[in-house]
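Working notes, beginning with the structure itself.
None of the figures in this text is laboratory data; all of them are computed from the coordinates on show. The structure presented is a predicted model; accordingly, all values stated were derived computationally and were not measured. Cβ coordinates were reconstructed from backbone atoms using ideal geometry, including for glycine residues, and neighbour counts include every protein chain displayed.
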Protein chains: 2
Amino acid sequence: MILVNGTAATSVTADDRGLAYGDGAFRTLAVHGGRLLAWRRQFDKLASDLRALHIPCPQEPLLREEVAEVARGQPECAVKIIVTRGSGRRGYAHPSQVAPHRIVSSSMLPQYPAAWVNDGVTVRACALRLAWQPALAGIKHLNRLENVLARAEWNDAEIAEGLLQDCSGNVISGTMTNIFMTDGAELVTPDLSGCGVAGVTRDRVMEGARRNGVNCRVRCVSLDELTSAREVMLVNSLIGAWQVRRFGAATWGPGTLTERVRRWLDESDD
Amino acid sequence: MILVNGTAATSVTADDRGLAYGDGAFRTLAVHGGRLLAWRRQFDKLASDLRALHIPCPQEPLLREEVAEVARGQPECAVKIIVTRGSGRRGYAHPSQVAPHRIVSSSMLPQYPAAWVNDGVTVRACALRLAWQPALAGIKHLNRLENVLARAEWNDAEIAEGLLQDCSGNVISGTMTNIFMTDGAELVTPDLSGCGVAGVTRDRVMEGARRNGVNCRVRCVSLDELTSAREVMLVNSLIGAWQVRRFGAATWGPGTLTERVRRWLDESDD
């Protein structure tokens, strides 16, 4: 089901600036057992991303109601919220009156092999390097051609995710996930001040670490460092956490981090 | 008027990947005196940009007919063509079957002050720096948030354009224009291998220079160099060419380049 500005619809106006320029932001949320996970954090992140783009954010109760409506009768689903700068005439300048558009939709949760959840995943390195753009870094905006190009690099159903580096070779993220690694003592996650999306699940993992007395550092991470980590993990709102078990020649045995992180996420899912 | 996949419409499907990810490319064309300018070059550039994104390009006769239809009865107008990867489910992976969407629309030509055309324009430097992304450089794709952010930096109706630099300080382009400068002997235009849009009018100016025995070099250009050039000029398909007369503390008297370039463009407008 799709709600466009609150009304059931299958289309958006052709002059939407989201279509013209990618001028907007989005979120993807999980509904499990009829419960919408981490809504407040998801909304806060959307509001923060829209603020960075100078797009007025829809009111929280309005969006929450629309999310509930598209998810009704679907206890297990994914909900996507797109907010754009609304309609505009040709040209990059903001419209004189901005009336943001809301496109809220639900879909089936992606079906991943049980082994990816239970045992972990195989990942590859993408050739595409993420551009360094601090003005947009961290924001889940609608300019996602880099992710599209990177995801098109492989077609092997055994590969769960592609790892992305910036032009200096720092590991930034997966195409659709954030990354954590550990040496057994502390957690490390890549610095996203130059590129990448700072996801809500990444924030929740960092918060879980704090709550559980585990140090988590945000810093530059090289591919070599990742390869020699004791454990590597991918996270996002739909998958929760996957352990990385194979990356090129590197393999990892079953670890304990992913289960711990899943517990942290379960503790703070509202 | 808007044609969506050949049918008069005002909306596009909400699952369009152009909206979801900016997954597509576009062109803006001028119609003057009922004539569509530089169609073949515009089509070739669209085809080349779509090829770079691995999006199948619509057939030329089909697009040409749609452009003619939206421009009918409007001897002076702007035509915009958007081609996206079409509908897709959630997720960055290409749809298994790609059926690109065509959104072809016409609008009034932008009304700029006559003085901008006759005497030249005032420009400013944007604070936003363009990201270096060779995988997307030159392509007029739908990921245009950088242009949107840059254009939002000023609201002074006297300022015609904002100049954009890359993160190394090289001048790349205006927010909606390409740049040429001259020392009186040869032309120079910024190298766009790392960022920027390599526009059709830029190509036509370079071709006009060749045809008329003027050397044109494509290379890195600093802001200081631009400021000390004998003449500076902005070009795109809708404005043709504007001379830059003021940029910060730098001013230029009336030059001869813009008129010469307009003649070159008139010689090759089909």
For the Cα atoms of chain A, what angle does the longest principal axis make with the long axis of helix A:60-71, in degrees from 0 to 90, nearest 10?
80 degrees
Amide H of B:Leu187: which non-local residues (sequence gap of 5 or more, or other chain) have their own amide H closer than 5 Å, using H built in the peptide plane?
B:Asn215, B:Cys216, B:Arg217
With a/c under 1.5 counting as rounded, go ahead and sort the protein assembly as shown into rounded, prolate or oblate using the C-alpha gyration tensor (a ≥ b ≥ c being the square roots of the eigenvalues; past the cut-off, prolate if a/b is larger than b/c, else oblate).
prolate
Of A:Ser96, A:Ser48, A:Ser107, which has the largest mean-square fluctuation in a 10 Å C-alpha GNM of chain A?
A:Ser96
Just checking the output field for B:83-91: average partner chain Cβ neighbours within 10 Å of each residue's Cβ?
3
How large is ³J(HN,Hα), in whole Hz, for each residue of the stretch B:91-101 in order, when computed from phi with the Karplus curve 6.51 cos²θ - 1.76 cosθ + 1.60 and θ = phi - 60°, using x for Gly and Pro?
x, 6, 4, 4, x, 5, 10, 9, 10, x, 9
How do the peptides A:256-262, A:177-183 rank, highest first, by the average count of neighbouring beta carbon atoms within 10 Å per residue?
A:177-183, A:256-262
Across peptide B:100-112, how many C-beta atoms of other chains are within 10 Å of each residue C-beta, on average?
2
May I ask you to derive the relative contact order of the stretch B:22-85, considering only C-alpha pairs under 8 Å and at least 6 residues apart, and to give it as an integer percent?
56 percent
Residue with peak Gaussian network fluctuation, chain B [Cα springs, cutoff 10 Å], from B:Gln243, B:Gln165, B:Gln59:
B:Gln59
Diffing the stretch B:75-90: the Karplus 3J(HN,Hα) column from phi (6.51, -1.76, 1.60, θ = phi - 60°), in whole Hz with x for Gly and Pro, holds x, 10, 7, 9, 10, 10, 10, 10, 10, 10, 6, x, 6, x, 6, 3
Net charge contributed by nearby residues that have their C-beta within less than 13 Å of A:Thr251 (K/R +1, D/E -1):
+1
Quick check on the stretch A:131-191: take the gyration tensor over C-alpha atoms, sort the square-rooted eigenvalues as a ≥ b ≥ c, and tell me if it's rounded (a/c under 1.5), prolate or oblate.
oblate
Considering only lysines 8 or more places apart in sequence, or on different chains, count the pairs in the protein assembly as shown whose C-alpha atoms sit under 18 Å apart.
6
Kirkwood Rh and Cα Rg combined as Rg/Rh, chain A
0.97
Value of [θ]222 nm, deg cm²/dmol, for chain A, DSSP H segments ≥ 4, -39500 (n - 2.57) each, nearest 500
-7500 deg cm²/dmol
What does the average come to when, for each residue of peptide A:149-159, you count the partner chain Cβ atoms lying within 10 Å of its Cβ?
2
Taking the convex hull of the alpha-carbon atoms of the stretch A:106-145 and averaging its shadow over every direction gives an area in square nanometres of 5.0 nm²
At 37 °C in a medium of viscosity 0.692 mPa s, the stretch B:2-107 has a Stokes-Einstein diffusion coefficient, with Rh taken as the Kirkwood radius over alpha carbon pairs, in µm² per second, of 234 µm²/s
Mind telling me which of A:Gly196, A:Gly248, A:Gly18 comes out most flexible in a GNM of chain A, alpha-carbon contacts under 10 Å?
A:Gly248
Calculate one ³J(HN,Hα) per residue across the stretch A:161-166 by plugging θ = phi - 60° into the Karplus curve 6.51 cos²θ - 1.76 cosθ + 1.60, and present them in order as whole Hz with x for glycine and proline.
7, x, 8, 10, 10, 8
